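Novice: Below are the structure tokens for one structure; questions will follow.
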Amino acid sequence: MMLTSCALILMKGSRRDKLVLISDMLQHAAKGVCKTELMYKVGLSSAQLEKYIPVLVRSELLEIENHRSKPVYVTTDKGKNFLDVFDTLVKLLD
């Protein structure tokens with residue numbers, strides 16, 4: 001899992017802030033990722049991931065594509081814009 005200095009700033013104790021978690025998910029899904037791979041790369045349980053995916057899809061930050069009859073999660077252009085803005089915010093806090 002990649003933690004930027006921003007991520008470290010936004011961490012509370014040992015728990016990650018929701019924005020940091022969303023940023024991690026979108027970063028790992030940039031080139032497309034299956035659910036299991038996303039779960040392991042971001043360090044979430046299946047139940048936790050199931051809470052975030054629908055929210056990110058509804059917000060149009062993440063989309064689900066089908067590759068060989070399997071869902072693949074991909075960061076949308078809006079999601080990439082979120083990452084850019086989030087990175088800018090992190091740099092301002094450094």
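The values are calculated or read from the model by the stated rules, or taken from the named source; none is laboratory data. A quick note: this is a predicted structure, and the numbers were derived from the prediction, not measured. Note that we place each Cβ from the backbone using ideal geometry, even for glycine, and neighbour counts take in every protein chain shown.
Novice: Could you tell me which residue of segment 16-33 is farthest from VAL74 (Cα to Cα), considering only residues that are hydrophobic (A, V, I, L, M, F, W, C) and surrounded by 17 or more Cβ atoms within 10 Å (Cβ to Cβ)? Show your work before the answer.
Specialist: Start the filter on segment 16-33 by keeping residues that are hydrophobic (A, V, I, L, M, F, W, C), which leaves 19-22, 25-26, 29-30, 33.
Of the ones still in play, those that are also surrounded by 17 or more Cβ atoms within 10 Å (Cβ to Cβ) are 20-22, 25-26, 29, 33.
Values: VAL20: 18, LEU21: 16, ILE22: 13, MET25: 10, LEU26: 8, ALA29: 5, VAL33: 7 Å.
Checked segment 16-33; the qualifying residue farthest from VAL74 (Cα to Cα) is VAL20.
Novice: With respect to the numbered conditions (1) exposed (fewer than 14 other Cβ atoms within 10 Å of the Cβ); (2) within 19 Å of VAL85 (Cβ to Cβ); (3) at pLDDT below 95; (4) not aromatic (Phe, Trp, Tyr), which one is the sole condition not fulfilled by ALA7?
Specialist: Condition (1) is where ALA7 drops out.
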